[in-house]
1. Computing the accessible area with a 1.4 Å probe over protein heavy atoms, can you report the carbon and sulfur percentage for the chain?
2. Quick one: divide the alpha-carbon radius of gyration of region 652-806 by 2.2 N^0.38 Å and tell me what you get.
3. Take every Cα-Cα distance within region 318-449, group them into 10 Å bins from 0 onward, and report for each bin the whole-number percent of pairs it holds.
4. Can you list residues whose amide H is under 5 Å from Met243's amide H, if they're 5+ apart or on another chain and H is modeled 1.01 Å from N?
5. Rg to Rh ratio, region 560-695, alpha-carbon atoms and Kirkwood radius?
6. Relative contact order, percent, of the chain when contacts are C-alpha pairs under 8 Å separated by at least 6 residues?
7. Angle, helix 54-67 long axis vs. longest principal axis of the chain, Cα atoms, 0 to 90°, nearest 10?
8. For region 222-271, how big is the tail of P(r) above 12 Å, as a whole percent of Cα pairs?
Amino acid sequence: MKLRSFKFRSLSVSKLILIAILTILYTNSTYAGIPTPESHFGFKPGEDYKLFRYEQLVDYFKKLDASSPKITLEKIGNSEMGKPLYLALISSEANISGLDDLKSINRELALNHQLTFEQQDSLISEGRVFVLLTMSMHSTEVGPSQAAPVIAYELITSGDPAFKKIADNTVCMIVLCHNPDGMNMIVDHYYEYKDTRYEGSSMPGVYHKYVGHNINRDFITLTQSENLAVARIYNTDWFPHVMVEKHQMGSTGPRYFVSPPHDPIAENVDAGIWNWMRVFGSRALTEMTEAGLTGISVNYLFDDYWPGATTTSIWKGVIGMLSEAASVNLASPIYVEPNELRTIGKGLGEYAISINLPKPWEGGWWRLSDILEYEKQNTFSYLRTAAIHREEILRFRNEYCKREVIRGKTKPPYYYILPLKQHDQSELVELVNLLDKHGIKVYSIKQDIEVENRYYKPGDLVVPLAQPYRAFIKEIMENQKFPARHYTPGGEMIRPYDITTWSLPLHKGVEAVEINSRHPVMENMLEELNMPFSIHTKKPQVFEKVLFTATNNESYKAAFAALGKGFAVYRTTGPVEYDNIKYPAGSFIIEKNGKLDDIIDQLHTGPAYITQDITINKKRTELPRIALMESWFHDMDGGWTRYLFDKYHIPYRALRPEDLRDTDLTDNFDLMVFSDENPSVLLSGKYERNGRMIISRYPPEYTRGMGSEGLENILSFIDNGGTVVAWRRSAGLFTGALSFGKDEDKQEFQLPFRDISAGLAKEGLYVPGALLRIKILKDHPVTLGMPNKTGVFHRGSPVFATSIPYFDMDRRVIATFAKENILMSGYAEKEKLLSEKSAAVWLAKGKGQIVLFTFNPQFRASTPATYKMLFNALLIE
């Protein structure tokens, strides 16, 4: 028995060895023409001190596309700096050749709520689970994009039966790099300082054309071209079923985070989404640990209550997840002492074995190659889970669609009605076209109707909630109420990770009427809009000039564009009535000259065409010479300001803090803009926190600051007739005792305002990014075109109080917080402390002016309701 048993086992081993050899030979011959990552890049991805640039990454995937039928590469758009963005699709040869059919199946399952059970079964039998991976949107988080070639190569060439099951049942979609411009900036910076004392230092400026880290805060407004390209994948083009947004986090905590997230979570998202996250995360935690990886965490730090990140897809039926790997020093390895390991935030009270961290990492060397290994194992685990649950996931997607449509028909709200007549009609048009980019249908009313005691006219717009993306519609159209959750019953509340307001109508200053009763009669009066949507008056063949209302943001875009092209542009000095329409003071008149049509044709709302010679009281306006201050310290608000200025054709010259030491401001500029930045960064090139200075990680040539001489230069500029516009933290530059000049020409003074927010915070004021109601001083040059009340994005500081001026100074409060009902959307504590406090002030000093806002008037390009206050400040005389 023993001998026969031994012979049997020996024979089995021999067969296995033979099979293995034949498999290797077959695999080698089959994939001989497919380049390895190492052969292409000249080093193994993940190797210490080595990174490749975006073009090298794309070239490698083009080689894979040319050499294997298991992959195809599709261009999906361009970056803000013009680089092409690519989506790689990897699967079996049969699936890749049948992508068009699979794409149609995805669309049907995602959007067709009328599928019968038999139709659903038929589609599911033919369908595949599409798993979307987005890589390295935050460019300092280099690991995911550096891992992409390794992941793709293994998926294509592996002979492992588990990978065959993945290929047969799934399509892996990889956005090679979500932020290619930033990727190259970071790689180039790393190599510039490599082998110096500043190796791995922070890159000066933002790693994107505009927004840097805030590229991950833009998935409602979709202002950045990279985000629009990625969002199209799940909004309107491919309809993937699963997506993973791959990031990195700090270096001294867990090694990796997988779903599910921690509380609070969004209340509008279907329960099935959260449950599927747990399925994927649990398997990943198990399989990554079984693969020998330690330090995997779940339910830690990262919550999921607001729809600003790529995972906004979860409001649209996609099982969207976040992954986070512990960072190294870009490509330089780090050594972490065990006593340095810690946890922050929620989900882990200490760095120790727990249900959310069952096998902690013990410390030691941590390398880029480690990150790549974790990324590989995480990706392969998610793909295996998708393959195992293929039928369930595909059925879930269509059942989700059906549930959302049923909810839209049976649960309020049922519709949002957008009256065509709005204070800012251009923002109505912007809103409708944005909804279209999100895959949401908008309709117009064909005849008069009364709904909930209000009359609506033909042309008024309706957004029904009985749509597959109902959760998203409700989330972005309603006023936000933060889902407050606590660590223990009656205990400490879990604080918001980011902002708490994103209501598109409120942020845009557009009236949206929430309808909480069903109206089948109205539903029969609706006609789907053709996109893109626009509102234009008929252009006559002959006209002398055009009139743009000051209430429309788009009017300012036209005015700035016209000024830049040399047109004569005027602002009305009082109200004007033309063709039975009233135009407020500050409206724009542009005389026809040359290619005015080119400007008008770029707009979504048209002007009034003046065809006769009429008398209008007006004053010519000029384009100021603008200096825009932007620090080197990843100044995202400065980047958002540049974006807005570019979008609205506002010319400017960017200055860095050190430039102010020796730039002749008076000779070169009329106006200076200071966006939201820490005054200590601007002055000294250092962060100040809790009264102490913190040394940055930037190379020393980027940490000079403006110094006292730079601040004196600004004050002299103002005194000589210059204008300064500043908001939030930068307003702190102008508080307290100030001076400039020397000897007998020295001036010492204090502007007639102060910041009182510290005292209010001690009394309990807490505003973690909410929309607060303000009252506006009418007909001030800064408030032209504004309504009497609006909402501003606020974080609780600063808050101004003015005083009686002396010497050559003056002040006016141009906006105050409302007396009551201050909170419009989001979360705040003791906001009543703000009642009737100053929200914006105008100051005069010498010959110059200063406009200060306590709020960001252009916050992340998502608060158009207050754009006009900024634009008016730029045009103030």
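The values are calculated or read from the model by the stated rules, or taken from the named source; none is laboratory data. Computed from a prediction, not measured in an experiment: that's the story for all the values here. Cβ placement follows ideal geometry from the backbone for every residue including glycine, while neighbour counts extend to all protein chains displayed. These area figures cover heavy atoms from the full protein model, side chains too; ligands, DNA and RNA do not enter into them. Shrake-Rupley method; radii C 1.70, N 1.55, O 1.52, S 1.80 Å.
1. Looking at the chain in its full context, I get 49 percent from C and S.
2. On the way: Rg = 17.3 Å, N = 155, 2.2 N^0.38 = 15.0 Å.
That works out to 1.16 for region 652-806.
3. 8, 20, 21, 18, 19, 11, 2, 0
4. It is Leu132, Ile319, Gly320, Met321, by chain and number.
5. Numbers: Rg = 20.2 Å, Rh = 18.1 Å.
Expressed as Rg/Rh, it is 1.12.
6. On the way: 1870 pairs, mean separation 88.1, N = 877.
Relative contact order of the chain: 10 percent.
7. That helix lies at roughly 40 degrees to the long axis.
8. Values: 944 of 1225 pairs.
Result for the distance tail: 77 percent.
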